[in-house]
1. Can you list residue pairs whose Cβ atoms sit under 7 Å apart, with the first residue in segment 226-240 being under 14 Å from residue 6 (Cα atoms) and surrounded by fewer than 18 Cβ atoms within 10 Å (Cβ to Cβ) and the second being at pLDDT 95 or above and hydroxyl-bearing (Ser, Thr, Tyr)? Count only pairs 6 or more apart in sequence or on different chains.
2. Would you mention how many residues in segment 27-47 are surrounded by fewer than 24 Cβ atoms within 10 Å (Cβ to Cβ) and within 20 Å of residue 91 (Cβ to Cβ)?
3. What residue, among those in segment 176-214 that are more than 17 Å from residue 239 (Cβ to Cβ) and touching a His at 6+ places or on another chain (Cβ under 8 Å), is surrounded by the fewest Cβ atoms within 10 Å (Cβ to Cβ)?
4. May I ask you to say which residue of 252, 247 is in contact (Cβ under 8 Å) with a residue 40 or more places away in the chain, buried (at least 21 other Cβ atoms within 10 Å of the Cβ), under 15 Å from the mean Cα position of the chain (by Cα) and not in a strand (DSSP E or B)?
5. Is segment 122-139 home to any residue that is among the acidic types (Asp, Glu), out of contact with any Ser or Thr (no Cβ under 6 Å at 6 or more places or on another chain), under 30 Å from residue 4 (Cβ atoms) and assigned to a helix (DSSP H, G or I)?
6. Could you identify the single residue in 262, 240 that is of a type in the set (Ser, Thr, Tyr) and more than 18 Å from the chain's Cα centre (by Cα)?
7. As an exercise: evaluate residue 49 against (1) in contact (Cβ under 8 Å) with a residue 24 or more places away in the chain; (2) closer than 24 Å to residue 176 by Cα; (3) not hydroxyl-bearing (Ser, Thr, Tyr) and give the number of the one condition it does not meet.
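The values are calculated or read from the model by the stated rules, or taken from the named source; none is laboratory data. Remember, it's a predicted structure, so these values are computed and weren't measured experimentally. Here Cβ is always computed from backbone atoms with ideal geometry, including for glycine, and neighbour counts include all displayed protein chains.
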Amino acid sequence: MAIYAIGDVQGCFASLQQLLEKIRFDPTADQLWFTGDLVNRGPQSLEVLRLVKSFGDSAITVLGNHDLHLLAVSEGFSTLKPLDTLDDILRAADRDELLYWLRHRPLLHHSVEHNKTLVHAGLPPIWDLTTAQQCASEVEQALRGEQYHDFLRHMYGNEPSLWQTDLTGLERLRYITNALTRMRYCDADGRLELKSKMAPGKQPAGLIPWYEVTQRRNQNLNIVFGHWSTHGEHFIPGIYALDTGCLWGGSLTALRVDGETYRTQVNCAAQQHP
């Protein structure tokens, strides 16, 4: 059995097929971990959703910001943006089945056996694993519950930007969602800054990649994430960044996460202009 983590696909179905062929993925024996953002901006989001769903327990995917955007649009709580490519899903005969499946995906996956933690964007410096798991579970319950419309209706916004244990209600859920699916930079106090998307080294003064914040409480974890295409592939002890910009003409990356880690890539044709 092999386990591969795969970076943001974003509707690039042809590239995903090529990558799965290259790693010789066998759904009866192997497992895939997707970093989220299965959909949007690429040309075949519907096909990607159908394929990953068809793998059943052989694929684990955490939710990304584009996946949540699809859910919000489908319920009328957000509108399509000029670069969105979600129409095929929204018009599909199996739309409801696919969206139900997507809404029931986790925001965090932790493997004790393989000592890896999978999220879309990262973990706030102030969270340890127990806190991260509890917080992810709170949003998962909100998405899967009967009142999930309330969560999607109030999901958007950049505040609160600083974690407080006494946060409650929709503000608490919004912070958790932003941290797990949108975060790139923090300030020295761990306050989220959600507007800056550039690669490290080009950010405004005072901002730090979330994983470089001093005394980060999850430094003992091996965190696998995507979301940050301008960052690209970045492997340092405990940090595995896998969004290598397939959508923009970069590559789609698979990282072997059981046992010795090594990566496999396929080159991608640009689906959007950077």
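1. From residues that are under 14 Å from residue 6 (Cα atoms) and surrounded by fewer than 18 Cβ atoms within 10 Å (Cβ to Cβ), the pairs are 232/244; 233/244; 233/253.
2. Counting residues in segment 27-47 that are surrounded by fewer than 24 Cβ atoms within 10 Å (Cβ to Cβ) and within 20 Å of residue 91 (Cβ to Cβ) gives 5.
3. So, considering only residues that are more than 17 Å from residue 239 (Cβ to Cβ) and touching a His at 6+ places or on another chain (Cβ under 8 Å), the one surrounded by the fewest Cβ atoms within 10 Å (Cβ to Cβ) is 182.
4. 247
5. From segment 122-139, those among the acidic types (Asp, Glu) are 128, 138; that's our starting set.
Applying the additional criterion that residues be out of contact with any Ser or Thr (no Cβ under 6 Å at 6 or more places or on another chain) yields 128, 138.
Okay, now just the ones that are also under 30 Å from residue 4 (Cβ atoms), so 128, 138.
This time we only want the ones that are assigned to a helix (DSSP H, G or I), so: 138.
Yes, because at least one residue in segment 122-139 is among the acidic types (Asp, Glu), out of contact with any Ser or Thr (no Cβ under 6 Å at 6 or more places or on another chain), under 30 Å from residue 4 (Cβ atoms) and assigned to a helix (DSSP H, G or I).
6. Residue meeting the stated conditions: 262.
7. Of (1) in contact (Cβ under 8 Å) with a residue 24 or more places away in the chain; (2) closer than 24 Å to residue 176 by Cα; (3) not hydroxyl-bearing (Ser, Thr, Tyr), only one is false for residue 49: (2).
Residue-wise test of (1) over 18 Å from the mean Cα position of the chain (by Cα); (2) surrounded by 14 or more Cβ atoms within 10 Å (Cβ to Cβ); (3) within 30 Å of residue 261 (Cβ to Cβ); (4) not charged (D, E, K, R).
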| residue | (1), (2), (3), (4) |
| --- | --- |
| 117 | no, yes, yes, yes |
| 124 | no, yes, yes, yes |
| 128 | yes, yes, yes, no |
| 145 | yes, no, no, yes |
| 153 | yes, yes, no, no |
| 156 | no, yes, no, yes |
| 164 | yes, no, no, yes |
| 174 | no, yes, no, no |
